[in-house]
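Have a look at the structure below before the remarks.
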Amino acid sequence: MIAKKNVGRASPFLLVLLAFGFFVATYNLLILVMHKAGRSVVTGELNDPIISRPDGLSGGGGAKFHVALTATDAPYSKWQCRVMYYWYKKMKDVPGSDMGGFTRVLHSGNPDNLMEEIPTIVVDPLPEGLDRGYIVLNRPWAFVQWLEKATIEEEYILMAEPDHIFVNPLPNLAHGDHPAAFPFFYIKPADNEKIIRKYYPEDKGPVTNVDPIGNSPVIIKKSILEKIAPTWMNVSLRMKDDPETDKAFGWVLEMYGYAVASALHGVRHILRKDFMLQPPWDSEIGKKFIIHYTYGCDYNMKGELTYGKIGEWRFDKRSHLRGPPPRNLSLPPPGVPESVVRLVKAVNEASANIPNWDTQ
């Protein structure tokens, strides 16, 4: 393991991991994480985080960013990673792209059978029981370890997820020290001020300083992420340990952890609604860059959405928990939005061109 000296005094807030004394005693790197989290970030405050990138800057040619994909070794995660990496390779060198290298950060603790297919670095999961069954808590811990041990040539990093598909060449949407992020409609710091204040005290500023984002997709300077990541991990662990917060935030708790950690370091994000689209709610691709297929797509044969009810035609990643979807999935019926059609075609193209799709 690679240790870094503490260059600032850890705040009492970040000493919360002492509550996990047993784990700290047996897992030395967690101690290093607490020390790193005390460092301050030299980023100015952005009064209005919503910035449109000028047209003249929208076509690549900016600083390259490294694509970092956190994942597990579960079959469900593997096939999504393979599709994602296929589309990364296809879009990487298209004019307008600022994509650099790629790393799958595998936080299962052991190598798997995709090591030769996808550039991968293996990191440890959290100590057993610490995630309380919420596997996403391993994401910030994975980034802490990866940033400690990896040599990353690019100045910027894109934090991505397995269920992302690049549909247009992605430029560097960040602006200097201000990262770029996608605003999620369900991340509402102001509506949860009572809970947010447990982790972002009033002397830090208004709760509106906490951006309505998660950690992905985010394009951010590597040097800034190195400062945010330990705090993100500590805040997320503390949130999970608080019953009120855990109940209120549920499956998006770690997203709130990143948003709060960023605010604690004075980092504001450029909010880019064009960063990503989410079928079936977003119907057109347009100039957006990433399809995020987290929602199930259910339709009747008239092309009408039947969300909440299994459709006569459907595509839902959760239908394929134990292995990849078959090659050549049926296309949606006429009338289904372009975004859903493009999603299925993208999965079909990847599965048709990836060797050993059904057996790997």
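HIS265 exposes around 20 Å² of accessible area when a 1.4 Å probe is run over every protein chain in place. A simple spin-label model places pseudo-atoms 7 Å from Cα toward Cβ; at GLU153 and LYS90 they are separated by 2.5 nm. Computed from the Cβ-Cβ distance with R0 of 56 Å, the FRET efficiency linking SER330 to LYS194 stands at 0.75. Here LYS345 is the anchor, and the aspartates and glutamates within straight C-alpha reach of less than 18 Å, apart from those fewer than 8 places off in the same chain, are ASP163, ASP282, GLU284, ASP298, ASP316, ASP358. Annotation: amide H of TYR156 within the under-5 Å range of HIS66, LYS222, sequence separation 5 or more or interchain, hydrogens built in the peptide plane.
Stretching the chain fully between SER283 and GLU116 yields a gain of 56.5 nm (0.36 nm per residue, less the alpha carbon separation). Between the alpha-carbon centres of region 307-355 and region 167-216 there is a gap of 31 Å. Each of ILE310, ILE157 has its accessible area taken with a 1.4 Å probe; listed largest first, they run ILE310, ILE157. When the listed pairs LYS64/LYS204; LYS204/LYS288; LYS90/LYS240; LYS198/LYS309; LYS92/LYS221 are checked against a 30 Å cut-off, the alpha-carbon distance exceeds it for LYS64/LYS204; LYS204/LYS288; LYS90/LYS240; LYS198/LYS309. On full extension, the segment bounded by ARG318 and ALA74 gains 86.6 nm, given 0.36 nm per residue less the C-alpha separation.
Relative to the current alpha-carbon distance between LYS302 and ASP203, full extension at 0.36 nm per residue lengthens the span by 30.1 nm.
Quick one: in region 299-339, what % of C-alpha pairs are over 17 Å apart?
Every Cα pair in region 299-339 considered, those over 17 Å come to 35 percent.
In terms of its C-alpha gyration tensor, region 272-360 has an oblate overall shape, because the principal axis ratio a/c (a ≥ b ≥ c, square roots of the eigenvalues) is not below 1.5 and a/b does not outweigh b/c.
In the assembled protein chains, ARG342 presents an accessible area of approximately 70 Å² (probe radius 1.4 Å).
The values are calculated or read from the model by the stated rules, or taken from the named source; none is laboratory data. Please read these numbers as outputs of a predicted model, since none were measured by experiment. Glycine gets a Cβ as well: all are built from the backbone with ideal geometry, and neighbour counts include every protein chain shown. Protein only, heavy atoms only, side chains kept; ligands, DNA and RNA dropped before computing areas. Shrake-Rupley method; radii C 1.70, N 1.55, O 1.52, S 1.80 Å.
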